[in-house]
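Below is one structure, written out as C-alpha cells; comments come after it.
Taken together, the values in this text are just the output of simple stated rules run on the coordinates, not laboratory data. Fair warning: this is a prediction, and the values are worked out from it, not measured in the lab. Counting neighbours? That spans all protein chains shown, and the Cβs are built from the backbone with ideal geometry, glycine included.
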C-alpha cells in the first residue's frame, strides 16, 4: 500500500510540475497600470526623452532583448502619431540625477539628450522586482512625465507588470494606452500589437 501511495504521489507531483511548465511557457505578459494627469493645461510633448530603468524583468531573451523590443516599439508607436522620442537606459547611479542632469546625458552612440532638445521627460523606474528562472518575472514601476521648461510634473503613474512572452511589446502597449487615455500624448497614438504566445 505504501509503495502504491508513493507512486501516486510521484505521478501527481510530475503532473503538477508539467502543468506549471506548460502554463508558464504559454503565458503572455500582463500589466496593470494607473495614472493621473497633474497638469491638464500642458500641451502633449512633441519631443519626449524616455529615461528608463526597467530592471531585470525585461532581460529574459524570449524574443530578443525585451528591453530593446520595448524601446523600439514604444519610440516607433510615438513616432507614428507625431511625437519624437529619444530613449536612454539608466545606469546604476543615474537615480541620483536631477532633472537638469538628466537633460545632459548621452546614450551609447554618444547622442546627447541635450542636443535632442526634449520638451518633456518620461521617467520609468522599477521599485520592486522578482526575477524567476523557470517562469514569469514581475516588477512594480513608478512612472512620471515632467515638463522640462517648467520643471513641473505633468503625469504620474504606477504599473505592476508580469513579463513572460512578448514582454517588450506588452510594456510598450500598456504605457502608450495609458498615456493616451490620460491625455498626455495625442489621441491618435496607437499602441503596438502584442502577439499571442
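The peptide list 163-171, 50-58, put in order of mean Cβ contacts within 10 Å with the highest first, becomes 163-171, 50-58.
Once you have all Cα-Cα distances for segment 134-194, histogram them in 5 Å bins from zero and send the whole-percent values. With 5 Å bins starting at 0, P(r) equals 4, 16, 23, 22, 18, 10, 5, 2, 0, 0.
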